[in-house]
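Only the coordinates and a few stated rules stand behind these numbers; no lab work does. Bear in mind the structure is a predicted one, so any value in this text is a computation, not a measurement. Glycine also receives a Cβ, built like all others from the backbone with ideal geometry; neighbour counts cover every protein chain displayed.
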Amino acid sequence: MKKTLIVFLLICITSTAQDRETLYLGALTSLTEMLQDSTKISFKKAVMIVENAYLHGTLDTLAFNDEIERLKKFTQAIYKNRSLLYKERDSLEVKKQAVLFSVMKDTIPYFNATGEYKHIPFTYDFEDIWGHKNWENMFVSKLLQTRKGNCHSLPYLYKILAQEIGTEAHLALAPNHVYIKSQNHKDGWYNTELTSGQFPNDAWLMASGYVHLDAVANKIYMEALNDKQSIAMCIIDLAEGYNKAFPANDGAFPMLACEIALRVYPHYINGRILRAETIKKILEQKIEKEGGEFSAKIREKEEYKETFLAMQHEYAVIHHAGYRRMPEEMYLKWLSSLNAEREKYINKEITNRNKSN
Amino acid sequence: MQSMVAQVGLPNIMPKTPQASTFQQYGSQNIMSNSRPNPMYGMSQQQRNKAIMAEVEMRQKQEAEYRKRVQGLLNEAVSHFSTPYSLPSYHNEKGASNYRKAFKRLEEMENKPFSVREAVFTVENAFYEQERDYGEFEKVIQETGNFIKQKMQEFGYNPKSNVAKNLILFQFFSDTLRTKNGLKHLPLKYDFQDIYGKKDWSKMFVTKLLESSTGQCHSLPLLYLMLVEEIEAVAHLSRSPNHTYIKFPDDNGMKWHNVELTSHILTTNALILQNGYIKAEAIQNKLYMHPLSKRELLAHMYTDLVMGYEKKFGSDKFTEEVTQKALQLHPTSITALLNKSNYYTEMVQHVFEQLGINKENARQKLPNHPEALELYRTMVKQYKAIDALGYKKMPDEMYQEWLRNMQQQRNNQEQKEMKKQLNKLTKPISKL
C-alpha cells in the first residue's frame with residue numbers, strides 16, 4: 001500500500017515537472033517570437049509569461065490584467081485632474097510620467113460611487129531583496145498582491161503602466177539594480193528610482209563603488225534600453241527562474257535562452273554572467289560524471305580544453321567590460337545613500353518640478 | 001528617434017599608445033564580437049559552422065546599422081553647411097592675418113608628430129600679434145624640463161617609470177622643490193580671478209602662467225603636457241564639464257590616474273562625477289573623462305585658436321573654417337560643437353535682423369525666406385545633436401562650487417592658504 005502511494009506520488013511529481021518543463025519551453029518560444037517580430041512586443045505579456053512559467057501555470061492572469069487595468073484607469077483619472085509647472089512643448093508627455101510616478105509612490109485619496117478610499121503606494125520590500133529565499137519575491141504579480149516590491153518588480157511595473165498609458169519609459173541597469181530612464185525636452189535623459197521614490201542624478205548611479213568607468217563607457221550600465229532589449233531581459237529572467245525551478249538541470253535550457261537573449265542584447269551583463277556560469281556548470285557536470293575533479297588542471301586535458309578556455313574567456317570579457325560583483329550589504333548601503341546624501345545625488349530640477357500639482 | 005540617437009555610441013578613437021589599448025580593447029562593439037558561439041550546445045560541426053556564419057552575418061548587420069546611426073548623427077553635427085548668408089568679415093582687421101598664419105601652421109602639424117609646446121605657442125602668439133619669441137618660450141620649457149629631470153634624479157625615482165615621471169610633474173606643480181645646486185621652484189597656484197578669461201583672454205595662456213606662476217584649468221594641464229614631452233612621459237588631456245585635467249596610465253597600462261592641477265590633488269573618477277553634470281551618455285559618447293589622443297589634442301588647439309579670434313574680433317567665415325577642422329579631427333569635441341552652435345546662433349540673429357524677422361512675425365515672414373529657414377533649422381539640429389550626445393550645461397556657480405569641493409580634499413595644513421584663495425572668490429567674478 002505504502003509502496004503504491006510512493007510510486008503514485010513519484011508519477012505525480014514527474015508529470016508536473018514535465019508540465020513545467022513544457023511550460024518553460026513554450027514561454028521561451030513566445031518570448032523569442034516577440035524578438036523576431038512575429039508577434040507584437042508587449043512587455044506586460046512577457047512579464048506574465050515569465051512569472052506564469054515559474055508558477056506552474058497558475059498565475060492568475062485575469063487578476064493581473066484587471067489590476068493593471070485598474071491602475072491604468074486610476075492614472076488616467078489623476079492625469080485629467082492635475083496640472084504641472086513644466087510648460088515646455090512636451091508637457092503632456094512629462095505629465096504622464098509625473099502622474100505615473102505619483103501612482104507608484106504616493107498615497108492618494110480618492111472617491112468613487114461607494115465612498116472614500118485611499119490609494120496605497122508601492123513600497124520597497126527589504127526582505128529577501130534578490131529572491132534568494134523565494135524567487136517569487138522578484139515578481140510583479142507579488143508586487144501587485146502585496147504592494148511591496150524590489151528593484152526588479154517596481155521598475156517593471158512602471159514600464160508596464162507606462163506602456164498602458166501610452167508613454168515611453170526605458171529600463172536601465174546599475175550593478176544588481178534596475179531603474180527607469182525617461183527623457184524630456186528640457187532636461188534630456190533623467191532617472192527615476194522607484195525603490196526610494198527619488199530622481200537621482202547619474203553621479204549616484206556611478207557612486208556605488210562597483211561601477212567601473214569602462215562599464216559605463218561600454219554601456220554595461222546606464223543605457224536606456226529599448227523594447228527588444230527589455231524582452232531579452234525577460235528571457236534571462238526566465239532562465240534564472242528555470243534554474244531555481246530545476247536546480248539540477250543540464251544547462252541546455254539556460255544556454256539556449258542566453259543565446260537568444262544575447263543575440264538582440266549582446267552586452268547584457270546578466271546574460272553574459274548567466275552564460276558563463278552555465279558553461280561552468282555543464283563542464284562541472286561532465287567532469288563529475290566522468291569521475292574527475294574540477295580544478296585548473298583540467299585545462300591540460302584535451303577533451304575539456306576548448307570548453308574551459310571558452311569559460312575562461314567569458315569571465316575575462318565580463319571582467320574587462322568593467323563588471324564587478326557587488327555584495328548585498330554594499331548594495332543596501334548604496335540604496336540608502338540616496339536619502340542620506342540628497343544634496344549630492346538628487347536631480348533637483350526634476351524633483352522640484354514633480355512636487356507641484 | 002530621440003531615444004535611438006541618444007543611445008548611439010561613437011567609434012573608439014583612442015590614442016595609439018600601448019597604455020591606452022586596455023581601454024580600446026573592450027569597447028561595446030568588441031564585446032559583441034567577443035561573444036563566441038558556445039561549443040557546448042550539442043551541434044554537429046556543420047550545424048555549428050552554419051550557426052557561426054549566421055551569427056557573424058547578424059552581427060555585421062547590427063554593426064552596419066549601428067555605424068549608420070552614428071554616422072547620421074555625426075554628419076548632421078559635422079556637416080559643412082553652405083548658406084548664402086555670412087557674418088561681417090574681420091579679414092582685413094589689423095592682426096587677423098596672424099590668425100590665418102597660425103591656422104596654417106597648425107594644419108602643417110596635422111600629419112606628423114607635433115610638439116604641444118609649439119602648437120600652444122602658435123595659438124597664443126597669434127593673440128599676442130606675433131610679438132613673443134618662440135626661442136625664449138622654448139628655453140623656459142626646456143630649462144624647466146631639465147630642472148624636473150634633475151630633481152627626479154635627486155629623489156632617486158626610477159627614470160623609466162611613467163608613474164614616477166608623472167609624480168615628479170605633479171610635485172613640480174604642487175610642491176616647493178629645491179635642487180642641490182640651489183635652484184628653487186614654488187608651486188603653481190590657481191588664479192581665481194577671471195577664470196574664463198572674460199576680461200582678459202590671455203589669462204588662459206601658458207605664457208601668462210609662466211610669467212605669473214598662476215594659472216587655471218586650461219593653462220595648467222597644457223603646461224603639464226609640454227613638460228611631459230620634455231621628460232618623455234605619457235599623459236593625456238581629459239575633459240569634464242567646463243574643465244580639463246590630466247589622465248596618465250600606470251606602468252602596466254592597466255589603470256588610469258587623474259591629476260587635478262587646479263587644487264593639486266589626485267582625483268578619483270567618483271569625485272569628478274560628483275559635479276553632477278556628467279551624464280552616462282556623455283561618457284558613452286566620450287565627451288568627457290576620456291583621454292584625448294594627439295589628434296584630438298590638435299583639435300583642442302583649433303578650438304583655442306578660434307576662441308581667441310572671437311575674443312579679439314568676433315565670428316566670421318574663419319570661425320567656421322577652423323571649427324570645421326577641429327570637428328574633422330575630433331567629431332565629439334564638445335567645445336568645437338558648442339562653438340559651432342554659437343556660430344550658427346550668431347548667424348541666425350544677424351540674418352533675422354537684416355531681414356526684419358523677429359519673434360512676433362517669424363511665423364509669417366520666415367517661409368518667404370527659405371534659406372533663412374534652412375539656416376534656422378541647421379541651428380536647431382546642431383543643438384539637438386549636442387543634447388543627444390549627453391551634454392548638459394554646467395552653470396558657473398556649480399562649477400566653482402565643485403572646484404571648491406575639490407580644494408577641500410586637500411589636507412588641513414593647506415587650509416589657511418585655501419581660505420585665502422576662497423576669500424578672493426568673494427570678489428565679483430565675471431560670468432561666462
May I ask you to order A:213-220, B:347-354, B:205-212 by the average number of other C-beta atoms within 10 Å around their residues, highest value first?
A:213-220, B:205-212, B:347-354
Cα-based Rg then Dmax for chain A, in Å, read 22.4, 77
Among A:HIS177, A:HIS319, A:HIS212, which one moves the most in a GNM of chain A with springs linking Cα atoms closer than 10 Å?
A:HIS319
With springs connecting C-alpha atoms under 10 Å apart, model chain A as a Gaussian network and identify which of A:TYR304, A:TYR86, A:TYR158 has the largest mean-square fluctuation.
A:TYR304
Taking every residue of B:378-389, the Cβ atoms of other protein chains inside 10 Å of its Cβ average out to 1
For region B:246-402, give the magnitude of the charge dipole about the Cα centre (Cβ charges: +1 Lys/Arg, -1 Asp/Glu; no others), in debye to the nearest 20.
380 debye
Calculate how steeply helix A:91-105 sits against the longest principal axis of the alpha-carbon atoms of chain A, using the helix alpha-carbon long axis, and give the answer as 0 to 90 degrees to the nearest 10.
60 degrees
The size of the Cβ-based charge dipole (Lys, Arg +1; Asp, Glu -1) of chain A about the Cα centre, to the nearest 20 debye, is 840 debye
Specify the angular offset, from 0 to 90 degrees and rounded to the nearest 10, of the alpha carbon long axis of helix A:302-320 from the longest principal axis of the alpha carbons in chain A.
20 degrees
Förster radius 56 Å - calculated FRET efficiency between A:LYS344 and B:GLN354 (Cβ-Cβ, nearest 0.05)
0.70
Among A:THR61, A:SER91, A:VAL47 - extreme Cα towards positive end, dipole of region A:43-104, charges at beta-carbon
A:SER91
Do any of A:LYS44/A:LYS159; A:LYS186/B:LYS340; B:LYS151/B:LYS203; B:LYS165/B:LYS247 go past 19 Å between their Cα atoms, and which?
A:LYS186/B:LYS340; B:LYS151/B:LYS203
Run the numbers on region A:86-220 and let me know its relative contact order in percent, using alpha-carbon pairs under 8 Å that are six or more apart.
17 percent
What ranking of A:ARG20, B:ARG377, A:ARG275 emerges when the number of other C-beta atoms within 10 Å of each C-beta is taken as an exposure proxy, fewest first?
B:ARG377, A:ARG20, A:ARG275
Averaged across A:201-214, how many Cβ atoms of other chains sit within 10 Å of each residue's Cβ atom?
5
Once phi is turned into ³J(HN,Hα) by the Karplus curve 6.51 cos²θ - 1.76 cosθ + 1.60 with θ = phi - 60°, what whole-Hz value does each residue of region B:363-370 show in order, with x for glycine and proline?
4, 7, 7, 4, x, 6, 10, x
Which pairs, out of B:LYS101/B:LYS198; A:LYS40/B:LYS381; B:LYS149/B:LYS189; A:LYS45/A:LYS95; B:LYS255/B:LYS384; A:LYS181/B:LYS294, put more than 28 Å between their alpha-carbon atoms?
A:LYS40/B:LYS381; B:LYS255/B:LYS384; A:LYS181/B:LYS294
What is the order of A:GLU93, B:GLU374, fewest Cβ neighbours within 10 Å to most?
B:GLU374, A:GLU93
Cross-link reach list, aspartates and glutamates versus B:LYS104, counting only Cα pairs under 19 Å and skipping chain neighbours closer than eight places:
B:GLU93, B:GLU118, B:GLU124, B:GLU129, B:GLU131, B:ASP133, B:GLU296, B:ASP304, B:GLU310, B:ASP316, B:GLU320, B:GLU321
Rg followed by Dmax, in Å, when region A:129-261 is reduced to its Cα trace:
15.6, 52
With 10 angstrom as the radius, rank B:HIS264, B:HIS236, A:HIS56 by how many other C-beta atoms surround their C-beta, starting from the fewest.
A:HIS56, B:HIS264, B:HIS236
Here region B:190-197 yields Karplus 3J(HN,Hα) values (6.51, -1.76, 1.60; θ = phi - 60°; whole Hz; Gly and Pro given as x) of 7, 9, 7, 7, 6, 5, 9, x
Do you know the relative contact order of region A:199-357, to the nearest whole percent, from alpha carbon pairs under 8 angstrom that are 6+ apart?
35 percent
I need the P(r) histogram for region A:220-357: all alpha carbon pairs, bin width 10 Å from 0 out to the longest distance, whole percents.
10, 28, 30, 18, 9, 4, 1
Magnitude of the Cβ-charge dipole (Lys and Arg +1, Asp and Glu -1) of region B:140-274 about the Cα centre, nearest 20 debye, reported as 120 debye
